[in-house]
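Student: Take this structure, written in structure tokens, and hold onto it; I'll ask about it next.
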Amino acid sequence: MLKKISFRGVVSSAALASFCGLCALSSLPALALKPGERVIVLNSGEGTVSVIDRATRKLVNTFNVGKEPHHLISTIKDDELVVANAASNDLVFLDPVSGEVKRRLPRIIDPYQLGYTADGKWFVSISLRLDRVDIYSMPNYELKARIAVAKTPSHVSFSADSKTAYVTLQDSNEVVALDLSTHKEIWRVKTGKTPAGIWTSPQGLLFVGIMGQDFVEVIDPVRRETVKKIRTGRGAHNIFPMGNGQHVLVSNRVDGTITKVDYKTYAVDKPIKVGNGVDCMEVSADGKEVWATVRWEARVAVIDLTGQKPIEYIPVGRSPHGIYFKSHARRDQ
């Protein structure tokens with residue numbers, strides 16, 4: 001049974017004043033937060049969720065959510081937060097502000113990574129353990145197809161027209177394109193060693209973190225060829241847009257760094273040292289702060305992007321992976 005967690009009260013004016021003082025000390029401006037806003041962290045190694053008060057940066061709750069919760073994603077309307085329990089074979093829906101459990105959807109088999117198409121028509125679940133991609137129609141999560149895509153599908157991104165899903169295949173060193181209407185494979189292209197995170201730029205290019213090496217591979221899906229390899233750091237893993245129409249952040253697991261990349265010019269900033277196994281990220285709406293999970297250190301880093309350095313570490317559960325807060329940057333640029 002999933003225990004519902006209730007959070008009472010809102011952030012008081014005194015708390016906000018205290019937070020502003022913290023911001024001044026850390027050289028960060030006061031951020032516009034939702035009242036009572038929490039940071040939601042998935043601890044994949046122990047099947048729990050850590051709930052952090054974003055204003056005070058204090059851990060306020062930890063609860064069981066299922067087995068191997070690796071990734072999370074907000075719904076199209078950003079009114080629910082979806083947690084994928086890969087070993088429990090279900091989805092758990094949380095309140096995106098408080099982290100309170102709202103409902104559970106069973107019989108979603110091996111959901112490792114998730115994605116909704118922008119048109120709201122499709123929900124895609126990546127089954128890393130079972131070497132397949134499951135396609136569901138919305139809004140009722142009706143299973144439409146299971147597509148074998150060996151080997152070891154990892155992350156997913158979509159074309160701007162919501163017609164194509166692009167999936168990285170870690171153990172065959174490929175990206176595969178799937179037609180979401182016909183449920184057929186369209187093409188495959190070879191990549192560097194162990195591709196992981198993938199992001200589609202507004203220009204339609206695919207940015208792929210090459211975890212087995214030290215670069216992000218930029219692929220033109222029309223020509224189906226690599227157009228650039230951007231050196232970011234060893235273990236280039238996840239790619240996250242900053243929401244400013246210009247930059248993405250790349251987590252480099254092996255080097256333990258985050259690198260800011262201009263996705264239009266391919267210019268690279270100096271990497272920020274964060275910690276061992278830095279993985280998923282969430283960026284503040286103003287683009288000045290990023291929270292990142294540090295998997296091999298069981299903690300979350302709060303990073304000042306203006307000062308280019310971590311300003312605080314918050315202990316959480318074992319092997320923290322996905323992370324989210326409501327007042328985040330835009331996802332589409």
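The values are calculated or read from the model by the stated rules, or taken from the named source; none is laboratory data. On a predicted model such as this, the values are computed, not experimentally measured, just so you know. We place every Cβ from the backbone using ideal geometry, glycine too, and count neighbours over all the protein chains shown.
Student: Given the conditions (1) under 16 Å from the mean Cα position of the chain (by Cα); (2) closer than 28 Å to D161 by Cβ; (3) of a type in the set (A, V, I, L, M, F, W, C), which single one is not true for L105?
Tutor: Condition not satisfied by L105: (1).
Student: I would also like to ask the following. When R318 is evaluated against the numbered criteria (1) surrounded by fewer than 18 Cβ atoms within 10 Å (Cβ to Cβ); (2) touching a helix residue (DSSP H, G or I) at 6+ places or on another chain (Cβ under 6 Å), which criterion, by number, is the only one it fails?
Tutor: Status for R318: all satisfied but (2).
Student: Just name the residue that is farthest from I210 (Cα to Cα) out of those in region 126-140 that are part of a loop (DSSP other than H, G, I, E, B) and touching a residue at least 40 places away in the same chain (Cβ under 8 Å).
Tutor: R129
Student: On to the next question. Take region 154-179 and flag every residue that is out of contact with any Phe, Trp or Tyr (no Cβ under 8 Å at 6 or more places or on another chain) and under 21 Å from L72 (Cβ atoms).
Tutor: Result: H155, V167, T168, Q170.
Student: May I pose another question? Checking the condition assigned to a loop (DSSP other than H, G, I, E, B) and in contact with an Asp or Glu (Cβ under 7 Å, 6 or more places away or on another chain), which residue from G212, G233 passes?
Tutor: Matching residue, one of G212, G233: G233.
Student: Name the one entry in A196, A150 that is under 17 Å from the mean Cα position of the chain (by Cα) and small (G, A, S).
Tutor: It is A196.
Student: Could you list all residues from region 53-106 that are in contact (Cβ under 8 Å) with a residue 12 or more places away in the chain, closer than 19 Å to S327 by Cβ, not polar (S, T, N, Q) and not in a strand (DSSP E or B)?
Tutor: The answer is R54, A55, R57, I76, D78, D79, E80, D95, P96, V97, G99, E100.
Student: Another question, then. From S159, S172, which residue is small (G, A, S) and without any contact (Cβ under 8 Å) to a residue 24 or more places away in the chain?
Tutor: Matching residue, one of S159, S172: S172.
Student: Okay, next question. Read through the list (1) at pLDDT 95 or above; (2) in contact with a Gly (Cβ under 9 Å, 6 or more places away or on another chain), then give the number of the only condition that Q333 fails.
Tutor: In the conditions (1) at pLDDT 95 or above; (2) in contact with a Gly (Cβ under 9 Å, 6 or more places away or on another chain), Q333 misses (1) alone.
Student: Any residue in region 308-333 that is more than 13 Å from A285 (Cα to Cα) sitting within a Cβ distance under 7 Å of a residue that is outside any strand (DSSP E or B) and acidic (D, E)? List the pairs, counting only those 6 or more apart or interchain.
Tutor: Cβ pairs passing all conditions: G317/E46; R318/E46.
Student: Just for region 260-283: of the residues that are of a type in the set (S, T, Y) and surrounded by fewer than 22 Cβ atoms within 10 Å (Cβ to Cβ), which one is nearest to R231 (Cα to Cα)?
Tutor: Among those residues, the one meeting the criterion is Y266.
Student: Can you list the strands (runs of 3 or more DSSP E) found entirely within region 288-333 that contain at least 1 residues being out of contact with any Pro (no Cβ under 8 Å at 6 or more places or on another chain)?
Tutor: In region 288-333, 289-294, 309-315, 320-324 are the strands (runs of 3 or more DSSP E) which contain 1 or more residues that are out of contact with any Pro (no Cβ under 8 Å at 6 or more places or on another chain).
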